[in-house]
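Please read the structure below before turning to the comments.
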Amino acid sequence: MAKLWGGRFDGKNEAWIDAFGASITFDQKLAQQDIRGSLAHVKMLAHTGIIPEADAQEIIKGLKILQEKVSKNELAFTIENEDIHLNIESYLHQEIGAVAGKLHTARSRNDQVATDMHLYLKETVLAILDKITQLREVLVAKAEEHIYTVMPGYTHMQHAQPISFGHHLMAYYAMLSRDQERMTESLKRIDLLPLGSAALAGTTFPIDREFTAKELGFNGIYSNSLDAVSDRDFILEFLSDASILMMHLSRFCEELILWCSHEFKFVELTDTFSTGSSIMPQKKNPDMAELIRGKTGRVYGDLFGLLTIMKGLPLAYNKDFQEDKEGMFDTAETVLKSLEIMAGMIHTMKVNETVMLEATEKDFSNATELADYLAAKGIPFREAHEIVGRLVLESIQQGHYLQDIPLSRYQEIVPEIEEDVYEKLSSYNAVKNRHSLGGTGFDQVKAQITAAKQELAVE
Ligand code: ARG
């Protein structure tokens, strides 16, 4: 079949080489965006008098038929037509004949493909923002159920100080709020129109880019045609934001996986989010959490892939750009699905409050409480730290915990210690007494939840 760009060629096409150059196997995902871009472009061509109104009407009619056919999955795209742009144009010819050839006036596939991707990414980011909101809602609801659930807080993966499980969940809420903020800010750079830059240098036709931008709902226009066709920052920024977001989900998944283990038993995921083993009948594996953790690697790969593709490219368009799409689609789909799975998993997980609390009662995570107690009695904190350190060692040697030391022994060491020390040593009180702003104190967790609900209500 003759190529739409075939005029200058008299050599024979080789199918296997065409297949290597084609992007249709993956860029067909941009079919609807491509048609929308063409509709706006042809309206602009008529509006500016570049093509007659009647021709534009014919083209619009044809494009609308294609729009319908794409939505019903009725168009079979071919490798001979290389990419989505040429496939759509070729189908337009079949629908309306030679007048279809006027659509590509004052346009190049270079500004066309960039426009399609801007349209795609704008929709995708808006969909992701929605899913982040849903996950944040799930986190706040779960945190509210668990304000008073006490668990060990860790540093170096060692028991550090008791915390509220609600506080732990709200930490992820905070991370996701930043992810949402980053993605929202990136829209400023995604919501831009490249179309009208043509191949690289603009066009001699009296086009009206403002008109096209308005038709497509873009908030701004690229001001430099070379930049417009060769900028992929907007995709890189998306991939970076997505990588950070996935890193957050992955960390949480890592915790869920640990917490589901026999050693922890802090939480239990529902059957929907778990799978069994083909050999070990007892197994219930947290596969979905593991997969999100694993897929985070793919998303990083997509980011690094595109960064590497871009690093040596001279202005303006280079065919290398065609490699920008699969990673973008892959990341978009991975992030959307991961957010959904995460929300479902957290919403339905069972939290073993007793196990969590018990884990804070047979440990030394109340050592800071004792040091703080001594410091409040006027003993310099460094000295208090030393005293408690020695008491911890003594307790380990004697096989008990700080709360098991008799008052008489405490008073031998520091006469100011009174009966009320035991109350301070309870992990529940250790959490309760942390009133400092943003700390794990129940009042602070409640304040975070109230603020979060207000944020979510106005979004
Ligand atoms: N399929 C191409 C891509 O994805 C479209 C742009 C082609 N432009 C060109 N000058 N060959 O990048």
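The values are calculated or read from the model by the stated rules, or taken from the named source; none is laboratory data. Fair warning: this is a prediction, and the values are worked out from it, not measured in the lab. Please note: Cβ atoms are built from the backbone with ideal geometry, for glycine as well, and neighbour counts cover all protein chains shown. Accessible surface areas use protein heavy atoms only, side chains included; no ligands, DNA or RNA. Shrake-Rupley method; radii C 1.70, N 1.55, O 1.52, S 1.80 Å.
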query = Based on the Cβ-Cβ distance from Gln158 to Glu323, what FRET efficiency comes out when R0 is 51 Å, to the nearest 0.05?
reply = 0.70
request  = Obtain the nm distance between the two label points defined at Glu418 and Ser278 by a simple spin-label model: each point lies 7 Å from its Cα along the Cα-to-C-beta direction.
outcome  = 6.8
inquiry  = What do you get for the angle between helix 31-47 and the principal long axis of the chain? Use alpha-carbon atoms, 0 to 90 degrees, nearest ten.
reply    = 50
task = Calculate the spin-label point distance for Glu210 paired with Ala447, positioning each point 7 Å from the Cα along the beta-carbon direction, and give it in nanometres.
result = 5.0
request  = Using packing as a proxy for protection, rank 351-357, 433-439, 290-296 so that the peptide with the highest average count of other Cβ atoms within 10 Å comes first.
outcome  = 290-296, 351-357, 433-439
note = The helix 442-458 Cα axis meets the longest alpha-carbon principal axis of the chain at an angle in degrees, between 0 and 90 and rounded to 10, of 20
task = For segment 416-450 and segment 155-187, write down the distance between their C-alpha centroids in whole Å.
result = 20
task = Summarise the accessible area of the chain (1.4 Å probe, protein heavy atoms) by the percent that is carbon and sulfur.
result = 55
task = Please work out the Cα center distance from segment 240-257 to segment 44-66, rounded to the nearest Å.
result = 47
ask   = For segment 10-49, what does the alpha-carbon gyration tensor say about shape, rounded, prolate or oblate, given a ≥ b ≥ c as the root eigenvalues, a/c under 1.5 as rounded, and a/b over b/c as prolate?
value = oblate
inquiry  = I need the phi-derived Karplus couplings for segment 112-123: 6.51 cos²θ - 1.76 cosθ + 1.60, θ = phi - 60°, integer Hz, Gly and Pro marked x.
reply    = 5, 5, 4, 5, 4, 6, 5, 5, 4, 5, 4, 4
ask   = Stretched out fully, how many nm does the piece from Glu394 to Glu123 gain, at 0.36 nm a residue minus the Cα gap?
value = 91.4 nm
query = Which whole-Hz couplings ³J(HN,Hα) result when phi for each residue of segment 9-18 is put into the Karplus expression 6.51 cos²θ - 1.76 cosθ + 1.60, θ = phi - 60°, listed in order with x for Gly and Pro?
reply = 9, 10, x, 8, 7, 10, 4, 5, 6, 4
remark   = Result for the chain: accessible area per residue, probe 1.4 angstrom, in square angstrom, of 48
key: Extension gain from Leu407 to Asn224, taking 0.36 nm per residue of separation minus the Cα-Cα distance   = 58.1 nm
Helix 233-259 vs. the chain, principal-axis angle (Cα, 0 to 90°, nearest 10) = 30
inquiry  = Explain nothing, just compute: Karplus ³J(HN,Hα) = 6.51 cos²θ - 1.76 cosθ + 1.60, θ = phi - 60°, for every residue of segment 324-331 in order, whole Hz, x for Gly and Pro.
reply    = 7, 8, 4, x, 5, 5, 4, 5
request  = Go ahead and run the numbers for FRET between Asp271 and Thr354, Cβ-Cβ distance against an R0 of 22 Å, rounding to 0.05.
outcome  = 0.50
ask   = Under 5 Å between amide H atoms, partner at least 5 residues away or on a different chain: which partners does Ile163 have, H built in plane at 1.01 Å?
value = Met151, Gly153
